[in-house]
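Encoded as structure tokens, the structure appears first; notes follow it.
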Amino acid sequence: MNSLYSQVNDNTPVLVGCSQYLDTKGPDGLNYLDILSVACEKAITDCSARISLNEHLDAISVIRFVGDTPNRNSATTALWGYSNMPRSVGNSLGVTVPHEIYTTTGGNSPQLVLNEICTRIKDGQFNCALLTGGEALDTLTSRIKTGLELNWGDDPGGEPESIGSNSDLGSEFEQKHGIFDPSAVYPLFANSIRSSEGKSSKEHREDIGRLFSRFSEIASQNKYAWFKIHRSSNEIVEETPNNRMVGFPYTKYMNSIMRVNQSAALVITSAKKARELGIPESKWIFMHGGGCLNDIWNVTDRLNLHSSPAIKKCSQAIFNAANCSQADISFFDLYSCFPSAVQIARKEIGIPDGDNRDLTITGGLPYYGGPGSAYVVNSIASMMSKLRENPGKFGMVTANGWFLTKHGAGVFSSNPFLGDWNQVIDSSHLQKEIENLDHPEFIEEANGKGLIETYTVVNSREGPTKAIIIGLLEDGRRFVANTDKDESLLNKMMQNEMLNAKGTVKFENSRNIFQPD
């Protein structure tokens, strides 16, 4: 036994098993339960334990699925038939556990529940836990479109514990103006970023092309990736029939892809249980720091749309807990649903411009694939494999839910954690600091002269459909607005510079309408 590993306290949580699974069978693919079960069985096998883990599991956690998300008004929600997925997973593995956890929706959920599992292991409530998540949206959608039978579901009884926030993704007034679908909201961050950097739309998109071309190259070499295609910068940026504009300035190849069949699983135990089960130390990965923080909830209430106080405060606190800095991190996987998520996280974490470290190990959500809220289970599993191959190195994974709203991050390493483990940051005082930040006053019914702070133009396959504008009145109050449905104006907004453009906003028929001068 490595002498340092022998000094690890019995109640220190350790990640000891991981797996990823890719199903490319389309309409003949696995259902939701089976795609999780495969990943769980693989993760348990990955532990290489001398004693079967199954009879030692005392907790199963599952990340909530897109199809089981309340208030999303989708066809999949109406078809959902799984009443207690943690118990269904347990039954499929032939185990019964006293603790069943199901998260709320959000890409931050994997880090949130991992923090909770590790804390409960430290406190002696859990000894051996399984965490899993995934999606079978491609198979589901394919079967619906081809008219194949779809009788997925399982009702094993019981009700799992819920972890996470059920708050809606924004105010009703924001949603009325189109701040609802992520593909229409993250472009607002994009134009705010380029405004803060003083760049043209062309320069900003060239930055994105270079950034995401490398992401796609990494995905092209990943056997678990949904798209194993290395796309050039020009291919990502240029509008073509296969790469249409979605939300200006983002083309299709800049958007996360959720229609995938992917799953992953993690096994977490106490150091004492890992020793009892005979799990080799070569499998052990420690979370040296973990945390979650939220930015101000409503997009229209934030200081600006090109920064994230929550990412900054969370990463600083985690680095302090792990006794390291961003310079000590060898491997990153920054949540990459859209380019702005990566660009803002990189800046707030303090990764210097021109740094040669890759910002993803999977290839990112547009290329590796984004299995709903569960992606970070995959990225942590990927990080575990990377750190096992590089003993002593440190890796950082970030998570993001809603509209750069709910954040999580973790620092991991094979380096044994010595001493009393208490590495999940106490975020309560940091959260209060964020909530108390000054920001422009938001007004719903806006009338008068103002200017565009940031904007996007939402496109369908047929062309531009509407503009979403966040602006400032002359007195400094912020508003959200649309424009008239004028195709020539919408095209102009994508071709000409409209940041800081002046105009008049008027509240009519329950919405604000902005007319540029």
Given (1) of a type in the set (D, E, K, R); (2) assigned to a helix (DSSP H, G or I); (3) under 30 Å from Ile443 (Cβ atoms), number of the condition Lys199 does not satisfy: (2)
From the set of residues in the stretch 53-88 that are β-branched (Val, Ile, Thr) and assigned to a helix (DSSP H, G or I), which is modelled with the highest pLDDT? Val66
In the set Glu116, Glu159, the lone residue that is part of a loop (DSSP other than H, G, I, E, B) and out of contact with any helix residue (DSSP H, G or I) (no Cβ under 6 Å at 6 or more places or on another chain) is Glu159
Restricting the stretch 89-113 to residues that are part of a loop (DSSP other than H, G, I, E, B) and within 23 Å of Thr69 (Cα to Cα), the residue that is farthest from the chain's Cα centre (by Cα): Thr104
Tally time: how many residues in the stretch 459-514 are part of a strand (DSSP E or B), among the aliphatic types (A, V, I, L, M) and buried (at least 21 other Cβ atoms within 10 Å of the Cβ)? 7
Can you confirm whether Thr456 is in contact with a Leu (Cβ under 7 Å, 6 or more places away or on another chain) and not assigned by TED's automatic domain parsing to the domain that holds Pro371? yes
The condition of being of a type in the set (S, T, N, Q), in the same structural domain as Val342 (by TED's automatic domain parsing) and over 21 Å from Leu112 (Cβ atoms) holds, among Asn422, Asn415, Asn378, Asn400, only for Asn415
What is the one condition in (1) within 28 Å of Ile361 (Cα to Cα); (2) assigned by TED's automatic domain parsing to the domain that holds Leu334; (3) out of contact with any strand residue (DSSP E or B) (no Cβ under 7 Å at 6 or more places or on another chain); (4) not charged (D, E, K, R) that Gly157 does not satisfy? (1)
For Glu149, state whether it is over 23 Å from Ala264 (Cα atoms), without any contact (Cβ under 8 Å) to a residue 60 or more places away in the chain and of a type outside the set (Val, Ile, Thr). yes
Determine whether Ala381 is under 25 Å from His204 (Cβ atoms), assigned to a helix (DSSP H, G or I), at pLDDT 95 or above and in contact with a strand residue (DSSP E or B) (Cβ under 7 Å, 6 or more places away or on another chain). no
Residue check: is Asn91 in the same structural domain as Thr12 (by TED's automatic domain parsing) and either modelled with pLDDT of 95 or more or crowded, with 24+ Cβ neighbours inside 10 Å (or both)? yes
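The values are calculated or read from the model by the stated rules, or taken from the named source; none is laboratory data. Everything numeric in this text was worked out from a predicted model, so none of it was measured. Using ideal geometry, Cβ is built from the backbone for each residue, glycine included, and neighbour counts are taken over all protein chains shown.
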